[in-house]
Amino acid sequence: MNAGSDHIEIKIEGIQECLARWPYEGTAAEMVRELKYGRATSVVTELADALYEIAPESDLISWIPATPSRRRKRGFDQCELLARALSHRSHTKVRRVLRRVDDVAQTSRDLQGRREGPRFVGSSLIRPTPPRLLLVDDVSTTGSTLRSAARVLACRGGVQVSAVVVAKVVPRGATPDGFRRSTL
């Protein structure tokens with residue numbers, strides 16, 4: 001896994017390196033919505049291939065967990081599917097390291113709630129914590145979900161957290177620095 005040139009760098013407190021593959025628009029946004037709301041798991045292969053192109057080296061891959069109610073409704077956690085597919089490509093272990101404590105989706109929160117982010121606890125499934133952990137998420141809007149996850153993981157000590165995201169919400173008309181638009 002090596003960082004490619006077609007990506008968006010996202011600065012998030014507590015995350016050593018965070019890269020998004022595409023802006024959240026057009027085909028990328030449609031594929032994420034199909035996966036999340038249309039249960040179109042067929043897009044996982046293409047999305048995981050794209051994440052593999054930009055993912056930093058890691059010792060363990062994990063994911064940002066969906067709310068329990070969304071996971072039950074869908075029958076799967078979309079970020080877990082992406083993390084497992086990325087793990088398969090990179091031959092890197094994958095495990096759940098976070099558990100979602102609240103059941104409020106980020107899209108349902110007001111501005112203050114979005115800034116605070118969801119509540120997580122560290123899973124007891126990984127001991128000892130690996131030094132280089134890669135978190136997988138589908139969309140980054142404010143960065144608060146990954147920031148919340150990083151705060152929990154920082155309590156484990158010694159872990160270096162990086163992240164890859166399928167798409168980053170970019171303000172209308174803006175082009176992220178250093179990003180070359182590529183076709184999907």
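Just so it is clear, none of the values below were taken in a lab; they were calculated from the coordinates. As the structure is a computational prediction, the values presented were derived from the model and not from experiment. Neighbour counts run over all protein chains shown; Cβ positions are idealised from the backbone, glycine included.
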Once phi for every residue in region 81-93 is put through the Karplus expression 6.51 cos²θ - 1.76 cosθ + 1.60 (θ = phi - 60°), the whole-Hz ³J(HN,Hα) values, with Gly and Pro written as x, are 4, 5, 5, 5, 5, 5, 4, 4, 5, 8, 6, 10, 4
Summing +1 for each Lys or Arg and -1 for each Asp or Glu, what net charge is found among the other residues whose Cβ lies under 15 Å from the Cβ of Gly38? +2
Expressed in nanometres to one decimal, the distance between label points 7 Å along Cα→Cβ at Arg39 and Thr141 is 2.4
Where Lys and Arg each count +1 and Asp and Glu each count -1, what net charge lies around Arg84 among other residues with Cβ under 11 Å from its Cβ? +2
Short version: ³J(HN,Hα) in whole Hz for each residue of region 22-36, in order, from phi by Karplus 6.51 cos²θ - 1.76 cosθ + 1.60 (θ = phi - 60°), x for Gly and Pro, what are they? 9, x, 7, 7, x, 4, 4, 5, 4, 5, 5, 5, 4, 5, 6
Loop-only check: which GluC sites (Glu not before Pro) in region 42-85 are DSSP coil with at most 14 other Cβ within 10 angstrom? Glu57
Please work out how much length the chain gains when fully extended from Arg84 to Glu13, using 0.36 nm per residue of separation minus the C-alpha to C-alpha distance, in nm with one decimal. 23.0 nm
From fewest to most C-beta neighbours within 10 Å, the residues Lys36, Lys73, Lys11 line up as Lys11, Lys73, Lys36
Ala40 long-range amide H proximity, modeled H, under 5 Å: Leu35
Treat the count of other C-beta atoms within 10 Å as a stand-in for reagent exposure and order Arg39, Arg100, Arg147, Arg21 from fewest to most. Arg39, Arg147, Arg100, Arg21
Using modelled backbone amide H atoms (1.01 Å from N, in-plane), which distant-in-sequence or interchain residues come within less than 5 Å of Ser58's amide H? none
Which percent of Cα pairs goes in each bin when the distances of region 8-168 are cut into 10 angstrom slices starting at zero? 11, 44, 38, 6, 0
